[in-house]
1. Against the definition (open to solvent by 10 Å² or more (accessible area, probe 1.4 Å), of a type in the set (D, E, K, R) and within 16 Å of the chain's Cα centre (by Cα)), how does Glu195 come out, yes or no?
2. Could you go through the stretch 240-258 and let me know if any residue there is surrounded by 12 or more Cβ atoms within 10 Å (Cβ to Cβ) and outside any helix (DSSP H, G or I).
3. In the stretch 72-174, which strands (runs of 3 or more DSSP E) lie fully inside it and hold 1 or more residues that are open to solvent by less than 40 Å² (accessible area, probe 1.4 Å) and under 30 Å from Arg189 (Cα atoms)?
4. Quick test for you: out of Val92, Val96, Val122, pick the one residue that is farther than 25 Å from Tyr203 by Cβ, of a type in the set (A, V, I, L, M) and at pLDDT 95 or above.
5. If the requirement is being over 30 Å from Asp83 (Cβ atoms) and in contact with a helix residue (DSSP H, G or I) (Cβ under 7 Å, 6 or more places away or on another chain), which of these qualifies: Val196, Val144, Val208, Val213?
6. Mind checking which pairs have a first residue in the stretch 20-41 that is more than 13 Å from Ala80 (Cβ to Cβ) and a second that is assigned to a helix (DSSP H, G or I), Cβ under 6 Å, 6 or more apart or different chains?
7. Exactly one condition in (1) under 25 Å from Leu176 (Cα atoms); (2) in contact with a helix residue (DSSP H, G or I) (Cβ under 7 Å, 6 or more places away or on another chain); (3) in a loop (DSSP other than H, G, I, E, B); (4) not basic (Lys, Arg) is false for Gly12; which is it?
8. Does Lys231 count as of a type in the set (Lys, Arg), open to solvent by 40 Å² or more (accessible area, probe 1.4 Å), under 26 Å from Ser2 (Cβ atoms) and at pLDDT 95 or above?
Amino acid sequence: MSKVLAIANQKGGVGKTTTSVNLAASLKATRKSVLLIDLDPQGNATMGSGIDKNILELSIYDLLSKQAGFDEVVVRPADAGYDLLPSNGDLVAAEVELMNGEGRETRLRQIVEAVRQRYDFVVIDCPPSLNMLTVNAMVAADGVVIPMQCEYYALEGLSALMDTISAIRDRLNPDLKIEGILRTMYDPRNKLTTEVNGQLFNYFGDAVYRTVVPRNVRLAEAPSYGKPIIKYDRKSRGAIAYLALAGEMLRRLDEAAAGIS
């Protein structure tokens, strides 16, 4: 049974794309088959995977607009190992078209359902806004992974995201769940980090991943080389953190399958 995960947070700069790329690569490193879908018109996950968004002949836009098939669009980045549905600025047009299109909320789900048996995991990098592309991702997903920094405004944004998830669950995808909350750019020396950390565990309990992603220079450098962190510097703290996240996620899924609470 494959798992479809939307990596979402409408707040920018929280490590969403970093998480999408490096979680996909880390799951692949555990010998899982993985598809990464770049659903952000900025195309950062595409570039961070080593694919130049500026010279793409076909992108996820062509798939959403039904101008091309999955096997025509999917690519396999040499340094990543996972399959990728790449993105670029063309995706802005898809968002506009989806606003008035028939079955606008379910377009991505149709694509994912047709190919999900090929993969153990499908990871969707959402844009940093609660728009129609993000709605499509959540309708297609089994769960939402929420990367966030432990800062004051992050909690405020989290409330809006929870409302969106609840609305989508009520109207379009009753099985959607919060897969987990991932603390990124984590600095335990910061007093506010400690306070927000405590609030997260009070409100969300076990939904908060035990794994944290620290601030790490090597992790910030990796996208400019078009490589996931485990290919750029496997011994860095960032690489170790994302491998640990993949391991924690797999353990949770195994426990859920075995009926362990």
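1. Spelling it out, it is not the case that Glu195 is open to solvent by 10 Å² or more (accessible area, probe 1.4 Å), of a type in the set (D, E, K, R) and within 16 Å of the chain's Cα centre (by Cα).
2. Checked against the condition, which is being surrounded by 12 or more Cβ atoms within 10 Å (Cβ to Cβ) and outside any helix (DSSP H, G or I), the stretch 240-258 yields no hits at all.
3. 121-125, 143-148
4. When all the criteria are applied, what remains is Val122.
5. Sole residue among the options that is over 30 Å from Asp83 (Cβ atoms) and in contact with a helix residue (DSSP H, G or I) (Cβ under 7 Å, 6 or more places away or on another chain): Val196.
6. Thr30/Ala246; Leu39/Leu133; Leu39/Ala137; Pro41/Leu91; Pro41/Val92
7. Result: Gly12 fails condition (2) only.
8. In short, yes.
The values are calculated or read from the model by the stated rules, or taken from the named source; none is laboratory data. Predicted model only: the values in this text are computed from it and were never measured. With ideal geometry, Cβ positions are generated from the backbone for all residues, glycine too; neighbour counts draw on all protein chains shown. For accessibility, only protein heavy atoms count, side chains too; no ligands or nucleic acids. Shrake-Rupley method; radii C 1.70, N 1.55, O 1.52, S 1.80 Å.
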